[in-house]
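Let me begin by presenting the structure, written as structure tokens, before commenting on it.
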Amino acid sequence: MIDKRLVPVGGLKKEPFSGSHNGMRYYFRGDDGKSSTTFTVYIYPEPWCFEDTPDEEKESATFPLSDEGMDQAVAWLFERYEAEKSRWVNSSKDMMHTVNRTDYSARGSSGSR
């Protein structure tokens, strides 16, 4: 799923880190900017980004901003994935049906604007 070596522990003080695994998206964020001593990990289903996913579809847990905290966070991600595997797999399948359709009929036969 995720290799903790890919997540910059100290970097979470400056920038969030996100990714996904088989329908489960995750978002790591330091809690207090450069003075962070903790970080929060959010999980939510595909297909939308963190900002566009309704809060009621998100789950979170907070961990110490340290190597041990990162170990705990990665273990939590694995636990949450396994606990609701069908939810994540189904959201991944549903994502394949999310299509942005464009009405080209107004452009004429050449397809130009």
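The values are calculated or read from the model by the stated rules, or taken from the named source; none is laboratory data. This is a predicted model, so every value here is computed, not measured. Note: ideal-geometry Cβ built from the backbone for every residue, glycine included; neighbour counts use all protein chains shown.
Might you let me know whether segment 12-19 holds any residue that is more than 17 Å from the chain's Cα centre (by Cα) and at pLDDT below 95? Yes. Of everything in segment 50-66 that is of a type in the set (A, V, I, L, M, F, W, C) and touching a residue at least 24 places away in the same chain (Cβ under 8 Å), the residue that is farthest from LYS93 (Cα to Cα) is LEU65.
Looking only at residues of segment 66-85 that are among the acidic types (Asp, Glu) and out of contact with any helix residue (DSSP H, G or I) (no Cβ under 9 Å at 6 or more places or on another chain), we find that the one that is farthest from ASN22 (Cα to Cα) is GLU68.
Against the test of being modelled with pLDDT under 90, in a loop (DSSP other than H, G, I, E, B) and not hydrophobic (A, V, I, L, M, F, W, C), the options PRO47, PRO8 yield a single qualifying residue, PRO8. Reported count of residues in segment 25-45, each being under 22 Å from PHE78 (Cβ atoms) and out of contact with any strand residue (DSSP E or B) (no Cβ under 6 Å at 6 or more places or on another chain), is 1. Of the residues making up segment 8-27, just one is touching a helix residue (DSSP H, G or I) at 6+ places or on another chain (Cβ under 6 Å) and under 11 Å from MET70 (Cα atoms), namely VAL9. Restricting to segment 14-44, and then to whatever is on the phi > 0 side of the Ramachandran plot and assigned to a loop (DSSP other than H, G, I, E, B), can you tell me which residue is surrounded by the most Cβ atoms within 10 Å (Cβ to Cβ)? That would be GLY23.
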